[in-house]
Amino acid sequence: MLNYLIRRVLYAIPILLGVNLLTFALFFMVNTPDDMARIHLGAKHVTADAISRWKSEHGYDKPLFFNDAATGVAKAADTLFVEKSLKLFALDFGAADDGRDIAREIKTRMWPSLAIALPTFLIGLLAYISFALLLVFFRGTRLDTAGVVLCVALMSISGLFYVIGGQYLMGKLWHWFPISGYQPGLDAWKFLLMPVLVSVVASIGDSSRFYRALFYEEIAKDYVRTARAKGLSELRVLFRHVLGNAMIPILTGVVVVLPRLFMGSLIIESFFGIPGLGSYTIDAIQAQDFAIVRSMVFLGSLLYIFGLVLTDISYTLVDPRVRLE
Amino acid sequence: MIKPVLLWSDALILLLLWSVVGLVWLARNNEALRGPWRQVMRNPVGAGTALILAVYVGIGLLDSLHYVERLPDQPGREAQYSGEVRSALDWVLTPLRENVEKTYSAPFAIQLYAKETMKGPEGGEIRDFPRLKHGGAHLADADKDFWPDVLLRGGLGMLGGLVLWLVVFPLWQRGSEGDLVAPVVSAKNKSPLTPLLERGGLASAFAWTLLAILLLAGLLVALAPYYHVLGTDKVGQDVLYLSLKSIRTGLLIGSLTTLVMLPFALSLGIAAGYFGGRIDDVIQYLYTTLNSIPGVLLIAAAVLVVQVQIEAHAELFNTAAARSDVRLLALCGILGVTGWTGLARLLRAEALKLRELEFVQAARAFGVGHGRILLRHLLPNVMHLVLITVVLDFSGLVLAEAVLSYVGVGVDPGMISFGNMINGARLELAREPVVWWQLAAAFLFMFVLVLAANLFADQVREALDPKSSGRK
């Protein structure tokens, strides 16, 4: 197990390095720091002086990979690539283009994100799997057909519709919840309920259909026939045997997203005014603050790889045949 | 006088269309290829949704024939052309395009949404809702004439649609006899229509869908020049016009992205599975790296970069249409380059399985080269996976456009698209009375397209996926 973990961590390094190089290429080579300075200064104030001043203020006044001016190790170390990209490995995110410390923002903003994403994830998973099991229980009947049609219809509706519609109905028309906003502490639930509800409903079509297909595949297998032949009730077959055996494909899709819950959801958070990491990112995209976007890309990749490792570990918990060697 | 303009996206659409037609031509005599498609078209759902998709594609193609108008000649100067690029669809929808009001107006409204200060009948100033410049402007007495006029025009339009259906459908039915759609007409029945509609199944699904489309088209043709059937937006543009124009953008994103994605997915996926070893490692590394970056962020990052580059080289684009066109293509390219990993992984697994099968082993034993094995033996055997993925992805991409435009990394803000329509209207729900029609129109047009695409994709998968046959 320990060996396996070490190998996975080592394997993650080249991937993260690749992500790093890719974002570096995008943000520093295709798009030079000069371009960046021009955007932030605005068309009126672009002069050679202003650009170089902006670059030195924000620490972009270094060569990309090789610093000819420096000597020794500093030749390779005192460069943009090391300063802006490699430092991310130490979780040193540096400052945003507006001067604020990105790491501190992440620390304060991840809690609201988590407060939305975690309940959404748990309630959603429960709802989708139960709905799918219900459809499978009534398979071949009109109810099953109607359920599938409903799923296809629901997944054909734009996600924005759920958000806008939910806000309009529950917020404006029925006055159940405040339309948007957030409050730390226990009062937060008022602000959290609607976004959670909306995001659960928004992907019910897609996910339920996915799980239904998964259970369908499982239910055609021999062990299910054996279980029925031995006289087990349909409910027991479904919950104990089918659900249990479908755990591996379910976990494959589910565990990998777990760590990324920290990063929140771009759309939901910005629509509902939740001060989480999702809205932080979207604000950064709209303000073209590349320092933040770069940090979030790296953080996202890191969490994804962490999720992959968690997935492998979770296999050993649900399936005794899987051993990590 | 007009001069045709070929935007980059138009050229790519033509290329796509041409290759689809070419593939169909090549496959027309191949029973193994025709069989599944016949199965799709024989299914009521498949046939009906194919028709709806065809209507959307038709509108999109019409909107892809661009031209500029020649300005009136001035003596002693070369011919000048307007800077505004129009399409054949614009020409068809001229009344809709030109009936611009001052601001919002509700569907079928004859008055503006907002009050204005006007001259009263007895002099002096009053504040009231002014009459629209175009919507219902032909009515002398709006209160009395409105309903009779709408009903009369609507009725006539639908009647026209019905007549067209009665003429077109039997003709079409006769034309395609014995081919793709086997007619259920037997010699005993006098009218070719009756048995079709009674028996249910394929022909009736086709017939009813066609009838619905023609009735709707008749209704719109009769009413749209005189009323704003779906209202007007903030700057007074007809929402029906905007919705129809948005279709091309949605279709482009759905199809061109595929065009970009396929070469990557096909070459890398099959190569990884077939060759294995080092090559497999490198390709797996590539897609794990791409996969590990959060999708929206990678797209956002790339679009931001492209945006900056387009702004920096503004002199390369002489019209606004050309600029937004390049941005749209860039978006498709980015979606394609970031989106090939899923299909590549599927293809890799399939190629891994196929390369151990007897026919590939035999080919290798006969000394057939790698390139030939890949092209002649592997590629045709993974095509079903490719097709299924392409149709399944299409609807997701149409929906993604709306979300990306909302985030600010979608198509050019000046381009008419579902995302921009939604974006422009979502804050207006807070108004009193609510401005709902623009949102509703965008969501409805998108819903019909995506629903049809999803249902069609299901049928294609059912027909092509060997795993799904026999399972119901």
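The values are calculated or read from the model by the stated rules, or taken from the named source; none is laboratory data. Model, not experiment: these values are computed from the prediction. Every residue, glycine as well, gets a Cβ built from its backbone with ideal geometry; the counts of neighbours run over all protein chains shown. Areas reflect the complete protein model, heavy atoms only, side chains present, ligands, DNA and RNA absent. Shrake-Rupley method; radii C 1.70, N 1.55, O 1.52, S 1.80 Å.
Between the alpha-carbon centres of the stretch B:225-280 and the stretch B:92-150 there is a gap of 37 Å. For the stretch B:246-464, a crude dipole built from +1 on the beta carbon of Lys and Arg and -1 on the beta carbon of Asp and Glu, taken about the Cα centre, is about 500 debye to the nearest 20. Taking only the alpha carbons of the stretch B:312-435, we obtain Rg and Dmax values of 22.3, 77 Å in that order. Take the Cβ atoms of residue A:2 and residue A:137, set R0 to 60 Å, and the FRET efficiency comes out at 0.90. Take the Cβ atoms of residue A:57 and residue A:186, set R0 to 51 Å, and the FRET efficiency comes out at 0.75. Hey, how much of the P(r) for the stretch B:412-472 falls beyond 20 Å, as a percent of Cα pairs? Looking at the stretch B:412-472, the distances longer than 20 Å represent 50 percent of pairs. Taking the protein heavy atoms of the stretch B:246-464 in the context of the full set of protein chains, the accessible area attributed to carbon and sulfur is 64 percent at 1.4 Å. Ellipsoid fit via the Cα gyration tensor, the stretch A:182-325: semi-axes of 38, 20, 13 Å, each the root of five times an eigenvalue, largest first. The Rg/Rh ratio for chain B is 1.03, where Rg is the radius of gyration of the alpha carbons and Rh is the Kirkwood radius.
Anything in chain A that counts as a DSSP H helix reaching 24 Å or more along its axis (C-alpha) with Kyte-Doolittle mean of at least 0.0? List them, would you?
Once both thresholds are applied, what remains is A:2-24, A:102-137, A:290-318.
Using C-alpha pairs under 8 Å with a sequence gap of at least 6, the mean separation divided by the residue count of the stretch B:246-464 gives a relative contact order of 28 percent. Charge dipole (Cα centre; +1 on Lys/Arg Cβ, -1 on Asp/Glu Cβ; no other charges) of the protein assembly as shown amounts to roughly 2480 debye.
Provide, as a two-decimal number, the C-alpha radius of gyration of the protein assembly as shown over 2.2 N^0.38 Å, N being how many residues it has.
Compactness ratio reported: 1.05.
Taking only the Cα atoms of the stretch B:225-351, how large is their convex hull per residue, in Å³? Cα convex hull per residue, to the nearest whole number: 154 Å³. Since only A:160, B:2, B:352 are under comparison, the one whose Cα sits farthest along the positive direction of the charge dipole of the protein assembly as shown, derived from C-beta charges on Lys, Arg, Asp and Glu, is B:352. Taking chain A as a Gaussian network of alpha-carbon nodes connected by springs under 10 Å, the highest mean-square fluctuation of the residues A:59, A:185, A:165 belongs to A:185. For the residue pairs B:3/B:102; B:115/B:245; A:84/A:107, the C-alpha atoms sit more than 26 angstrom apart in B:3/B:102; B:115/B:245. Among the residues of A:215-221, the average count of other protein chain beta-carbon atoms within 10 Å of the residue beta-carbon is 1. Output the relative contact order of chain B, whole-number percent, from Cα pairs under 8 angstrom with separation of 6+ residues. Relative contact order here is 20 percent.
Cut-off 10 angstrom, C-alpha nodes, Gaussian network model of chain A. Which of A:231, A:307, A:278 fluctuates the most? Greatest mean-square fluctuation among the candidates belongs to A:231.
Please give the charge dipole size of the stretch A:152-242, origin at the Cα centre, charges +1 on K and R Cβ atoms and -1 on D and E Cβ atoms. Round to the nearest 20 debye. I would put it at about 340 debye. Relative to the longest principal axis of the Cα atoms of chain B, the long axis of helix B:341-354 lies at roughly 30 degrees. To the nearest ten degrees, helix B:142-175 and the longest principal axis of the Cα atoms of chain B are 30 degrees apart.
For chain B, the longest principal axis of the alpha carbon atoms and the long axis of helix B:44-62 meet at an angle near 60°. At q = 0.12, 0.14 Å⁻¹, work out log10 I(q)/I(0) for the stretch A:1-152 with the Debye formula, treating every Cα as an identical point scatterer and leaving solvent out; two decimals please. For the stretch A:1-152 at q = 0.12, 0.14 Å⁻¹, log10 I(q)/I(0) is -0.78, -0.90.
Can you tell me the accessible area per residue over the stretch B:1-149, all protein chains present, probe 1.4 angstrom, in square angstrom? Here the residues of the stretch B:1-149 average 63 Å² of exposed surface. Its DSSP H runs of at least 4 residues, each contributing -39,500 (n - 2.57), put the calculated 222 nm mean residue ellipticity of chain A at -19500 deg cm²/dmol, to the nearest 500.
In plain terms, the C-alpha convex hull of the stretch B:246-464 casts an average shadow of 15.0 nm² when viewed from every direction.
Residue A:257 contributes about 60 Å² of solvent-accessible surface, heavy atoms of the protein only, 1.4 Å probe.
Here's the picture: charge each Lys and Arg Cβ at +1 and each Asp and Glu Cβ at -1 in the stretch B:246-464, and of B:375, B:298, B:449 the one pushed furthest to the positive end of that dipole is B:375. Surface analysis of the stretch B:246-464 yields an accessible area of 38 Å² per residue, using protein heavy atoms and a 1.4 Å probe.
Surface listing: B:248, A:209, A:240 arranged by accessible area from highest to lowest gives A:240, A:209, B:248, probe 1.4 Å. Short-range pairs are left out: with C-alpha atoms under 8 Å and at least six residues apart, the relative contact order of the stretch A:189-325 is 22 percent. Once the Kirkwood radius over Cα pairs is known for chain A, the Stokes-Einstein relation at 37 °C and 0.692 mPa s delivers a diffusion coefficient of 142 µm²/s. Dipole of the stretch A:203-325 computed with +1 at Lys/Arg Cβ and -1 at Asp/Glu Cβ about the Cα centre; of A:272, A:243, A:210, farthest Cα towards the positive end is A:243.
When the helices in chain B are scored as -39500 (n - 2.57) per DSSP H run of 4 or longer and the sum is shared across all residues, what 222 nm value do you end up with, to the nearest 500 deg cm²/dmol? Let's see the in-between values first.
On the way: 17 runs with 302 residues, N = 472.
Here the helix-only value at 222 nm equals -21500 deg cm²/dmol.
In chain B, the sites counted are GluC sites (Glu not before Pro) in DSSP loop states with at most 15 other Cβ atoms within 10 Å, and the longest stretch holding none of them, exclusive of the sites, is B:178-355.
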